[in-house]
Amino acid sequence: MREYTINCKKGETVLDALRRQGITIRAFCNGRHTCGKCRIMLDEEKMNEASYEEMYLLTDEENAMGARLACFVRPDKDDVDELKVTILDMPESETAIVTAPDDDMSVSLDPEDVEDLTFAAIDIGTTTIAAELISNGEVIYKGGRINSQCSYGADVISRSEAAIKGNAEQLSDCVMDDINALINEFPKAPAHIIIAGNTTMIHLLMKYPVAEMINYPFRPYYTGWLKKNFMLDSGRVLPWTILPNLSAYIGGDVVSGLYYCGFSDSDSVNLFVDLGTNGEMAIGNRDRILTASAAAGPAFEGTRLNAATDVIKCMANLRDSGIIDENGALKDPYFDEGYNYRIDSSGRFVTINQKEIRDIQIAKSAIRAGLEVLMREYGVRASDIERLYLAGGMGHGLDIQSAVSIGLIPGELQSKVITVGNSSLAGAIKYGRYNFNDDDIEKIIAVSEEVTLSNVKEFSGLYYEHMLF
Ligand code: FES
């Protein structure tokens, strides 16, 4: 919760006014009046009255205390010069959930390979921005903060639309401000910055056009390496290396993850999956890599259970205890009202409704069908896979048995799963530790090919088959 004094012009919403004045607020639906996240309190009577639509998005308690939603509120008549606004759901930097690279996967280095160079590795994620400072090969500082672009929506489509509507400058500034804030926390100044991020994040940072990436022909403006000098707020000019993307859907974060997991020098065939709104995945080795992305929707990131870890375990528990059937239908008497589920990790209860179960079914069957297609297209079976690398926040603490039991992961791969945490950040660190040598990343780019799942005949059949729990 934080209070600001802003000015709000006639005709402008408080959400727009906050953005204009560089204040970050959670606005996951980008002001489309659907998410209910932009909650504020106001000390001003000259604003419009709350509508039923707005009140519907707030809880009874919030309505009783007079909370409002910033994307609904605007001045009744004239400009309001001094508007006191308290943002209730503040995206504090310290609340960022930053997943570190998994320690088991740390890169062993020949000390002779390490130059005495201090560099920052930064992963620009859609939700969080994670940074580590490395000096003489050792990580000496870890930081993270919520990506301030969350004021323009939670997902890459909302943010791209905001950029197309004239906010490209502000979206880039959001990330630059976040990077500057992270660097200001460092105990020592870096001499170089290495960045990995998904294709949209890099486009928005660089203010590249995104219209052709989110619409037909779904083509990015630029996917190659970026090696440039940037000026920080402190006035220091630093060289930045931004790792290359593969396509609109397979970004530098995945390339970095594949590099971290050793795809550039492995003879054996491995799988890589990063679970999020888009489930990015890859299969292959040093000679050939196939990549794909499956639209998983918000189930693994945006539910009230908060993490895929809880979501997957919850589904396995509900199925095992007969509360949902194998089609995912809640049994009576829970079908209409939902089921009150106790989350192990927090002890909280949440009501799981039929729509959330459907979202999870869609997500898990999209990922599983994608994995099956990749294995078929590659000409291997699950038994031929040596390792399955699970990247992203969900990997930590994931109950692999539950993931297998709901059908997210093929049973044959259960003992082959290695969780790698934020492999995008870890790949950026590895790149710096290996003296900024582009060769291995170039190899990955050269042997990678993207499979468009919707163009593969078997995908829809596999998708329906794996909807079952
Ligand atoms: S309701 Fe989503 S931003 Fe306001």
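Pairing each residue of the range 11-38 that is within 20 Å of Arg145 (Cβ to Cβ) with any residue that is near the ligand (Cβ under 9 Å from one of its atoms) and not in a loop (DSSP other than H, G, I, E, B), provided the two are 6+ apart or on different chains, yields C-beta distances under 6 Å for Arg19/Ser151; Thr24/Ser151; Ile25/Ser151; Ala27/Leu15; Ala27/Ser151; Cys38/Leu15; Cys38/Leu69. Within the range 14-25, the residues that satisfy the criterion of being within 12 Å of the ligand (Cβ to nearest atom) and surrounded by 20 or more Cβ atoms within 10 Å (Cβ to Cβ) are Val14, Leu15, Leu18, Arg19, Ile25. Please go through the range 24-49 and pick out each residue that is part of a loop (DSSP other than H, G, I, E, B) and in contact with a strand residue (DSSP E or B) (Cβ under 6 Å, 6 or more places away or on another chain). If the condition is that a residue be part of a loop (DSSP other than H, G, I, E, B) and in contact with a strand residue (DSSP E or B) (Cβ under 6 Å, 6 or more places away or on another chain), then Ile25, Cys38, Asp43, Glu44, Lys46 are the ones that fit.
All told, Cys29 falls short of being modelled with pLDDT of 90 or more and within 14 Å of the ligand (Cβ to nearest atom). Taking the listed residues Thr200, Thr241, Thr223, the one that is buried (at least 18 other Cβ atoms within 10 Å of the Cβ) and assigned to a loop (DSSP other than H, G, I, E, B) is Thr223, with no other qualifying.
Taken over the range 34-53, residues that are within 14 Å of the ligand (Cβ to nearest atom) and touching a Cys at 6+ places or on another chain (Cβ under 9 Å) amount to 4. The test for being touching a residue at least 60 places away in the same chain (Cβ under 8 Å) and touching a strand residue (DSSP E or B) at 6+ places or on another chain (Cβ under 9 Å) holds for Leu88.
Considering the conditions (1) touching a helix residue (DSSP H, G or I) at 6+ places or on another chain (Cβ under 9 Å); (2) modelled with pLDDT of 85 or more; (3) not in a loop (DSSP other than H, G, I, E, B), Arg358 is excluded by exactly one of them, (1).
For every residue, the table says whether it meets (1) modelled with pLDDT of 95 or more; (2) more than 16 Å from the ligand (Cβ to nearest atom); (3) not charged (D, E, K, R).
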| position | (1), (2), (3) |
| --- | --- |
| Thr127 | no, no, yes |
| Ser151 | no, no, yes |
| Ile164 | yes, yes, yes |
| Ala168 | yes, yes, yes |
| Leu171 | yes, no, yes |
| Ala189 | no, yes, yes |
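So Thr99 fits all but one of (1) crowded, with 16+ Cβ neighbours inside 10 Å; (2) modelled with pLDDT of 50 or more; what number is the exception? Thr99 satisfies every listed condition except (2). Each residue in the range 56-75 was checked for being more than 21 Å from Glu12 (Cβ to Cβ), surrounded by 12 or more Cβ atoms within 10 Å (Cβ to Cβ) and within 12 Å of the ligand (Cβ to nearest atom), and 1 of them qualify.
The listed residues are Arg145, Arg159, and the only one of them that is in the same structural domain as Leu238 (by TED's automatic domain parsing), crowded, with 24+ Cβ neighbours inside 10 Å and either at pLDDT below 95 or in a helix (DSSP H, G or I) (or both) turns out to be Arg159. Return yes when Thr59 is outside the structural domain of Gly144 (by TED's automatic domain parsing), modelled with pLDDT under 90 and not aliphatic (A, V, I, L, M) and no when it is not. Answer is yes for this residue.
Suppose the filter is surrounded by 20 or more Cβ atoms within 10 Å (Cβ to Cβ) and aliphatic (A, V, I, L, M); does Ala382 pass it? No, not satisfied.
The values are calculated or read from the model by the stated rules, or taken from the named source; none is laboratory data. Quantities reported herein were computed from a predicted structural model and do not represent experimental measurements. All Cβ positions, even for glycine, are placed from backbone atoms using ideal geometry, and neighbour counts span all protein chains on display.
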